[in-house]
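As structure tokens, the structure follows; a few thoughts come after it.
The values are calculated or read from the model by the stated rules, or taken from the named source; none is laboratory data. As the structure is a prediction and not an experimental result, all values here were calculated from the model. Here Cβ is always computed from backbone atoms with ideal geometry, including for glycine, and neighbour counts include all displayed protein chains. Just the protein is used for accessible areas: all its heavy atoms, side chains included, with ligands, DNA and RNA removed. Shrake-Rupley method; radii C 1.70, N 1.55, O 1.52, S 1.80 Å.
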Amino acid sequence: MPRPLIPQVSHSRFRPPLTATRSRLCAAAALPLIASICLAAHGQSSVQSSAPIPEGIHKIRHVILIMQENRSFDSYFGTFPGADGLPTKDGAFTVCNPDPKTGSCMSPYHDTNDSNGGGPHMAKDTLADIDNGRMDGFVIRAESGNKGCVNSTNPVCTNSVTADAMGYHNQLDIPNYWAYARTFVLQDHMFEPNASWSLPSHLFEISAWSAYCTTHDDPMSCVNELNLPGMPPDFPPAFNKSGQFGGERNGAAGTKPIYAWTDVTYLLHAHRVSWGYYVMKGAEPGCEQKDDKPCTPQKQGPHTPGIWNPLPYFDTVKDDGELSRIQPLENFYTQAREGTLPSVSWIAPSGEVSEHPPSLVSAGQSWVTGLINAVMQGPDWKDSAIFLTWDDWGGFYDHVKPPVVDENGYGLRVPAMVISPYAKPHFIDHQTLSFDAYLKFIEDDFLGGLRLNPKTDGRPDPRPTVREDVPILGDLTNDFDFDQKPLPALVLPAHPVTDLVTR
């Protein structure tokens, strides 16, 4: 279909992309901010330039989104002081979940296992776990999930023989995550944007929607689909609409999905805002050293599943000629070291370091620490905002009933943090948030508030809601103090001492 026109946005308040387009921009640089950056790029002083100093949100020139897998807020921060965590009275938990195997009610317990099981986590599991607000279906669903799945990332599976949905970790198990939360911002009401599993969640991460489409380059061929949008060809086995094994993805095995609706990279490209999606494919931070040095890339075997890397299948990315922006993770480390990170970065893990059960919690924490250390030790830390979160609850218990937004969610709470020199120190954000808030922040920072709105973005699709503008959604700028003295980097050991055990 012909590329539609998009409303243009003034660039005078935005950072131009650090890409090959720089020289073209410099040749025609009439805008003060672009001109000053061009001078700096050629080794010339911009002291005499009239370029304005960025204010407010525009002090953030690099947004970095790290998304891990399958943990609820209570499973990681349920005992964090001051947070809306596991309810207690007189030092005892006041919540429990019925266990059909024993006939008892299982209370939350400190789980020191490095490898956890979780439970099934499709849309029907969300409803069963929430149970009309009683929040008592987690153990029942975990015990009913399929066991011994060949593909442990399949959302109908439970990756443990014994249900551990009520288990939680604390500061002794995940000290680095707690250190980030204590030093910067912890968000205790971050909800998965959709009441379902990983693939829809990652689609929401980049587009604020999950859909099933029938025709390439025709956004109006897409229909709302929370459970089974087009499945990547590398996700075996397929399962049907009832969540059982069997059925087809999009056709014959190996058929690629059609993602024809509009994602945020379409707007970023149209307004020359640089972005990168970094995939851990064939390499991971080594994290073999036992000292305080940051992790460096090492070779590994597993590839990142397509359910965590959907951008290659978006028509917008292909039509805009931007498939090369989906890059190996090694590029992120190089760009962080050299100070050439793009304006917006997304990072997808591999299974081994994703924290998706049964992957080790310690491996994920070490990997994330390496990513954050790389940013903090590079030139771009001074104007970066790192958003760290987990894609869905993975079947683990959470006591907060999600609010109703539209037909797609929200889903259950997940851990989330803001790490930045301008983050409010030692702050707990109680706003109602979802991943849509990340898109809202990106759009406000780099696109002048332009939304993924079918009425204004120039590429209409039939999404049910403009998610960035729902009244209940909080504003991430409340987690920042742009007038404060920038916080220093917090470089942490990649292998902290923990109480985690491997059984």
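Which order do the peptides 263-269, 97-103 come out in when sorted by mean C-beta neighbours inside 10 angstrom, highest first?
Details: 263-269: 23.9, 97-103: 13.6.
My ranking of the peptides, most packed first, is 263-269, 97-103.
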Worksheet item: Hey, got a sec? Which GluC sites (Glu not before Pro) in region 348-407 land in a DSSP loop and have at most 15 other Cβ atoms within 10 Å?
Response: Glu407
Worksheet item: Rounded if a/c is under 1.5, else prolate if a/b beats b/c, else oblate: with a ≥ b ≥ c from the C-alpha gyration tensor eigenvalues square-rooted, which is region 350-503?
Response: oblate
Item to complete: Determine the relative contact order of region 93-225: mean sequence separation of Cα pairs under 8 Å and six or more apart, normalised by residue count, in whole percent.
Response: 22
Worksheet item: Can you tell me the accessible area per residue over region 63-159, all protein chains present, probe 1.4 angstrom, in square angstrom?
Response: 37
Item to complete: Compute, for Glu322, the solvent-accessible surface of its heavy atoms (probe 1.4 Å) with the complete set of protein chains present, and express it in square angstrom to the nearest 10.
Response: 20
Worksheet entry | Selected from Leu127, Met67, Ser160, residue furthest toward positive end of dipole (region 46-170; charges at beta carbon) | Met67
Response to the item:
Note to self: with every protein chain in place and a 1.4 Å probe, region 337-401 gives an accessible area per residue in Å² of 20
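Please give the contour-minus-distance gain from Thr214 to Arg503: 0.36 nm per residue of separation, less the Cα-Cα distance, rounded to one decimal in nm.
Once the chain is fully extended between Thr214 and Arg503, it gains 99.4 nm.
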Worksheet item: From the residues Pro421, Thr465, Val501, which one has its Cα farthest along the dipole of region 389-503 in the positive direction, the dipole being from +1 and -1 charges on Cβ of Lys/Arg and Asp/Glu about the Cα centre?
Response: Val501
Item to complete: Rounded to the nearest Å, what's the spacing between the alpha carbon centres of region 263-281 and region 449-485? Just the number, please.
Response: 17
Worksheet item: Where the accessible area of region 383-503 is counted over protein heavy atoms with a 1.4 Å probe, how much of it, in %, is carbon and sulfur?
Response: 54
Worksheet item: Going by a ≥ b ≥ c, the root eigenvalues of the Cα gyration tensor, does region 125-213 fall in the rounded group (a/c under 1.5), the prolate group (a/b larger than b/c) or the oblate group?
Response: oblate
Worksheet entry | Accessible carbon and sulfur surface of region 44-125 relative to its total accessible area, %, 1.4 Å | 52
